[in-house]
Amino acid sequence: MWPIFDFIPHWKACRVKQQEQIIAINALPDVFHQSLSSADVHILNLPISELVSSVQKGERDPSDILIAYGKKSLEAHRATNCLTEIMISSAQTWAKECNRNGPLAGVPVSLKDTIGISGWDSTCGISAWVGKPLTTDSTIVKLLRDAGAVPFVKTNIPITLLSFESASDLFGVAKNPHNPAYTPGGSSGGEAALLAYGGARIGIGSDVAGSVRIPAHYSGVYTIKCSTGRMPKMGSATSILGQEGVPAVYSPMARTLKDLETFWKAIVSMKPWEYEHTCLELPWRTVDLSNKTLRFGVMWDDGVVRPSPACARALELVVDSVQRAGHTVIPITPPSPYEGLKLAFQLMCADAIKTATAPIRFWESNDPGMRQARLIFGMPHWLRKLYVWWIRYVKRDEMYAGLVEVCYEKSVMEYWPLVAKREAYKKQWFDDVWKWQDIDFILTVPNSLPAVRHGGMKEGWKACGYTILFNLLDLSSGVLPVTRVDAVLDNLEIFVARNAIEKGQYRLYDSAAMAGLPVGVQLVGKRLEEEKVMEGMKLIEQLLLADGESYQMTLRRLDHST
């Protein structure tokens, strides 16, 4: 079919998927359409460890838990458009049949739209993939079911998955539960919105450039991006099948840090290495930091985009707390994060983003950031040289010129040296940061900005250095909420951008409009140090609480029509 005639199939696919949602919701039993009861509210307020214990003891029925979270998830969806597949009807059967002795007995778990579950689509927001349900569960779903968990909804994502927003023609725009004019993040944005709203306590997202950490930062929830080999990944959809230059990982997300820890331990206790060949045989290890003076290395600035006042203040709050507790904090000057950003872009987009965008129909909307990226990666060679010359010598912006210069489709002979360069870059970090400076953790911001308005990735797609860096290095990286944007404290006064990337990013910053949005920090450990990162996050949260600076999960009243 000629691309111009794709409009009708695209329109039909969008209509089908949107009607499926309406039918799935309307077909639910009356109890799911009633207001939350006092019993429901009680269930929603329990940490998952207590829910599991009550189910294992026979004191609580998984069906009652599902009713509470089913109601709340539908409320969250009305407010934020966070859901894609409404599986609650099937989940009623799954709840009755769940393993009531498992480490996640009876707990509803939400899943990013990409995650494969038998009988359901995993469209990645692409209309051409509608009506192609998977025939088997993905590995992570098999593990979760065996653990007693009850999958009940799938959550919104951006088309192509390559964005820090979550929107598509298929499912619409996911909204931040703290302010609907802003994005909850991406690509696991619907997941973060649902968790922040309280429609789930635990869920699974994926991360290739920050896709669980940015939503956690934007929406005020918790996550630890694992290193490769820690979590199962087979059997789910992806927009770039086979892309391993910057490997993607599935990782848990949670509403609270306590729930995140319970979730992580439960998954690892199921021995993922017995479910999938990619998983390392690595049981959960006990890490005790209570009697140790820790060394934190702080990356205040990646040299590309300096943190906004709100994000810098969040990082300063954590640094002050750990210093007051007697721990050592040192600024670090790591191997160039800018070089890491260029390397990651070249590896992940070596095909000039053709694979991710190939299924998109002619009339189908793409993410604003991806549209810009495709223009740069798709430039004719002669035009790129001219554009780079103009940026470098007329605009005098060496940083942006250097990035544009390397953003083109790579041949195999060009690609292999990039893989070798990645490994050399990892060695630099290991030698110069972890060994020579002898640190336990790196503290930095998850992004230079808090959540941005919808459409902000047109400028912001290039400014992903604070997260994609740790995908490239394959390090364990956690994000936890610390504070909220304050209109006065975080006001931007005199500012001169160092480059076009920074200039574009700062066009999006407005502390008055952003007031009340969550702001997180990122804690980074070595490869496969998820347990240590967890303990570090717990320590930080305890210290902030002792200093009267703890983050409170509260939502402003949402206007559902916004």
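The values are calculated or read from the model by the stated rules, or taken from the named source; none is laboratory data. Small disclaimer: the values here were computed from a predicted structure and weren't measured. Glycine gets a Cβ as well: all are built from the backbone with ideal geometry, and neighbour counts include every protein chain shown. Note: accessible area is taken over every heavy atom of the protein model, side chains too, but ligands, DNA and RNA are not part of it. Shrake-Rupley method; radii C 1.70, N 1.55, O 1.52, S 1.80 Å.
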> Quick one: accessible area per residue over segment 180-240, 1.4 Å probe, rounded to a whole number of Å²?
Replying inline: 10 Å²
>> At 0.890 mPa s and 25 °C, plugging the Kirkwood radius over alpha-carbon pairs of segment 322-424 into Stokes-Einstein gives what diffusion coefficient in µm²/s?
In response: 152 µm²/s
>> If I model a spin label at R396 and T333 as a point 7 Å from the Cα along the Cα→Cβ vector, what separation in nanometres do I get?
In response: 2.4 nm
> Using the alpha carbon gyration tensor of the chain, what are the three equivalent-ellipsoid semi-axes (square root of 5 times each eigenvalue), largest first, in whole Å?
Replying inline: 34, 29, 23
> Amide H to amide H, which residues 5 or more places from T483 or on other chains are under 5 Å from it, using H placed in the peptide plane?
Replying inline: V519
> Cα-based Rg of segment 240-307 per 2.2 N^0.38 Å, rounded to two decimals?
Replying inline: 1.56
>> Please list, short to long, the whole-number percent of alpha-carbon pairs of segment 209-358 in consecutive 10 angstrom bins beginning at zero.
In response: 9, 25, 37, 24, 4, 0
>> Checking the cross-link filter: which aspartates and glutamates have an alpha carbon closer than 14 Å to that of K410, excluding same-chain neighbours under 8 positions apart?
In response: D351
>> Starting from a Cα-only point model with no solvent, please compute log10 I(q)/I(0) by Debye for segment 363-504 at q = 0.20, 0.21 1/Å.
In response: -1.43, -1.43
> Percent relative contact order of the chain, based on C-alpha pairs within less than 8 angstrom and at least six residues apart?
Replying inline: 17 percent
> Among the listed pairs K292/K462; K132/K532; K112/K265; K71/K462, which are separated by more than 30 Å between their Cα atoms?
Replying inline: K292/K462; K132/K532; K71/K462
>> Nearest 5 percent is fine: what portion of the DSSP beta bridges confined to segment 88-237 is antiparallel?
In response: 30 percent
>> Loop-only trypsin sites (Lys or Arg not before Pro) in segment 233-306, please: DSSP not H, G, I, E or B, and at most 12 other Cβ atoms within 10 Å.
In response: R285, K292
> Residues with beta-carbon under 14 Å from that of E191, excluding E191: net charge, scoring Lys, Arg +1 and Asp, Glu -1?
Replying inline: +2
>> Can you tell me the convex hull volume per residue for segment 131-178, based on C-alpha atoms, in Å³ to the nearest whole number?
In response: 134 Å³
> Can you give the relative contact order of segment 389-493 as a percent, counting alpha carbon pairs under 8 Å and 6+ residues apart?
Replying inline: 16 percent
>> For the ranges 421-427, 217-223, 47-53, what's the packing order if you count other beta-carbon atoms within 10 Å of each residue, average per peptide, and put the highest first?
In response: 217-223, 47-53, 421-427
>> Could you work out the relative contact order of segment 13-119? I mean the mean sequence separation of Cα pairs under 8 Å and 6+ apart, divided by the number of residues, in percent.
In response: 34 percent
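With both partners inside the chain, how many of the DSSP beta bridges are antiparallel, as a percent to the nearest 5?
Here the share of antiparallel DSSP bridges comes out near 65 percent.
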> What is the local net charge at V322, summed over the other residues whose Cβ is closer than 14 Å to its Cβ (Lys, Arg +1; Asp, Glu -1)?
Replying inline: -3
>> What whole-number volume per residue, in cubic angstrom, does the convex hull of the C-alpha atoms of segment 479-562 give?
In response: 176 Å³
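Just to verify a number: FRET efficiency for L46 and Q19, C-beta to C-beta distance, R0 = 35 Å, to 0.05?
Rounded to the nearest 0.05, the efficiency is 0.50.
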> What is the packing order of peptides 346-354, 542-550, taking the mean over residues of other C-beta atoms within 10 Å and listing the highest first?
Replying inline: 346-354, 542-550
>> Output needed: percent of Cα pairs per 10 Å distance bin for segment 367-434, bins running from 0 to the one holding the longest distance.
In response: 18, 34, 34, 14, 0
> To the nearest Å, what is the center-to-center distance of segment 2-71 and segment 374-403, using C-alpha atoms only?
Replying inline: 48 Å
>> Students often get this wrong: which residues of segment 513-538 have the backbone nitrogen under 19 Å from the point 7 angstrom along Cα-to-C-beta of Q552?
In response: 515-520
> When the Karplus curve 6.51 cos²θ - 1.76 cosθ + 1.60 is applied with θ = phi - 60°, which whole-Hz ³J(HN,Hα) does each residue of segment 386-400 get, with x for Gly and Pro?
Replying inline: 5, 5, 4, 4, 5, 5, 6, 9, 8, 7, 6, 10, 5, 5, 5
> How much mean residue ellipticity at 222 nm does the chain get from its helices, if each DSSP H run of length 4 or more adds -39500 (n - 2.57) and you divide by all residues, to the nearest 500 deg cm²/dmol?
Replying inline: -11500 deg cm²/dmol
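Ignoring any ligand, DNA or RNA, what whole percent of the accessible area of segment 206-297 comes from carbon and sulfur when the probe is 1.4 angstrom? It would help to have the intermediate numbers written out before the result.
Values: 1680 of 3280 Å².
That fraction is 51 percent.
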>> If you take every residue apart from L528 with its C-beta less than 14 Å away from the C-beta of L528, what net charge results, scoring Lys and Arg +1 and Asp and Glu -1?
In response: +2
> Taking 0.36 nm per intervening residue step and subtracting the Cα-Cα distance, what contour gain separates H277 from R453 on full extension?
Replying inline: 59.3 nm
> Which of the trypsin sites (Lys or Arg not before Pro) across segment 11-110 are loop residues per DSSP, with 13 or fewer other Cβ within 10 Å?
Replying inline: K57
